[in-house]
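Laboratory data are not the source of any read-out in this text; all were calculated from the coordinates shown. Keep in mind it's a predicted model, so treat the numbers as computed, not measured.
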Amino acid sequence: MNSAIMRGRFITFEGIDGTGKSTQIELLASELAERGIDTLLTREPGGTVLGEEVRRILLDPRRRKVSPHAELALMFACRAQLLDEVILPALENGRWVLCDRFTDSSEAYQGGGRMLGSGPVRTLHRVLAKNQNPWMTILLDADLEKCLSRARVRDRIVKAENQGRFEAESLLFFQRVQKRYREIADRDSQRIVKVDASQSIASVHQQIIDHLDSRLREEQASDADFAALASDITLRGKPLPGRVNA
Ligand SMILES: Nc1ncnc2c1ncn2[C@@H]1O[C@H](COP(=O)(O)OP(=O)(O)O)[C@@H](O)[C@H]1O
Ligand SMILES: [Mg+2]
C-alpha cells in the first residue's frame, strides 16, 4: 500500500441515501477530535471547487440528460481532483481523512444501480484514483425502505440541495445499489466493515467506534510482530561472539 496512506488514516463512509453517513461521519470526527487526532472531513462528489461545481450538475434534478457513462466519468473527475488537492496531501501530513463516499459509491450506484458493471469502475479506480484504497470503509446497511424514508423526511425538513436525481430513482434502482454494496463488502471484507444502521444513532456510533478500535488493536499487534521479527533477524544476522546487543 502507498506509504502516504500508511502515515495518515483514510476512512470512508458508504451506504445508500438515508443510512446515516453524514450523521455518523460528524460523530466520528468529534470522537477523533476528543482523542487529539488531527482529522479532515470531506465528501464526494465535492470537497473541492471543481468537485462542488460538478456536484451541482450531477445532483440537479432538472438536468436529466447525463448519460450513465458521463455520470461515472464526472464522479471520477471529482475523485481525482479531491485526491490530489485534499486527501493525499492531508494523509502525507499525517492527518486522518474521513470521506463521505468514495469509489465504492461509484461501483454501487453507477456499476450496480446504472448497470455499468464493476469492471469499468475498478479500472477507472486504478487509473484515475491511483488505486488508493481506504484504510477502513464503514458501510452503513439497513432496510431500504427505512433509509429512503429517513432521507425523505430529512429532505422535507432541511430542503436539502442534494434532493435531486438520485433521490428520484426507483426502488428497483436502490435495490440494485444495495445489492452491489453488499457484494463489495463480501469481496473486500478486510477493508469494509458492515454496520447495522437500523439501530439508534448512538448505537450505530458505538458500533463504528468498536470497529475502529479493534482495527487499531490489530494494527498494533501486527506492528509488534513485525518489530519482533525484524529484531530477531538482526540478532541472528550478527553472530559476533561476546557482543552484547543493546
Ligand atoms: N440511526 C438513525 N436512526 C434514526 N434516524 C437517523 C439515524 N441516522 C440518521 N438519521 C436521520 O436520518 C436522516 C438521514 O441521515 P443522514 O446522515 O443525512 O444520511 P445519509 O448522509 O446517509 O444520506 C437525517 O435526518 C438523520 O437525522
Ligand atoms: Mg449525506
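HN-Hα J couplings of region 101-106 from phi, Karplus 6.51/-1.76/1.60, θ = phi - 60°, integer Hz, Gly and Pro as x?
Whole-Hz 3J(HN,Hα) from phi for region 101-106: 6, 7, 4, 4, 5, 5.
Need the full-extension length gain, Ser214 to Ile57, defined as separation in residues times 0.36 nm minus the C-alpha distance. One decimal, nm. Write out the running numbers ahead of the final one.
Working: separation 157, 0.36 × 157 = 56.52 nm, distance 3.96 nm.
Using 0.36 nm per residue and subtracting the Cα-Cα distance, I get 52.6 nm.
Report the extension gain between Ala221 and Ala168 in nm, rounded to one decimal, defined as 0.36 nm multiplied by the number of residues separating them, less their alpha carbon distance.
Details: separation 53, 0.36 × 53 = 19.08 nm, distance 4.65 nm.
Once the chain is fully extended between Ala221 and Ala168, it gains 14.4 nm.
Using θ = phi - 60° and the Karplus form 6.51 cos²θ - 1.76 cosθ + 1.60, what ³J(HN,Hα) does each residue of region 52-66 get, whole Hz, x for Gly and Pro?
Using θ = phi - 60°, the values come out as 5, 5, 5, 4, 4, 5, 5, 9, 7, x, 7, 8, 8, 9, 9 Hz.
Please report the relative contact order for the chain, taking Cα pairs under 8 Å with a sequence separation of at least 6, and give it as a percent rounded to a whole number.
29 percent
Enter the Cα centre distance for the pair region 196-234 and region 86-112, rounded to the nearest angstrom.
Each part reduced to its Cα centre gives a spacing of 20 Å.
Over the chain, what lengths in whole Å, largest first, do the semi-axes of the equivalent ellipsoid take, defined as the square roots of 5 times the eigenvalues of the alpha-carbon gyration tensor? Numbers along the way, then the final one.
On the way: eigenvalues 282, 81, 57 Å².
Rounded to whole Å, the semi-axes are 38, 20, 17.
Using amide H atoms built 1.01 Å from N in the peptide plane, name the residues 5+ places from Trp96, or on other chains, whose amide H lies under 5 Å from its own.
Sorted by chain and number, the residues that satisfy this are Arg9, Asp38, Thr39, Leu40.
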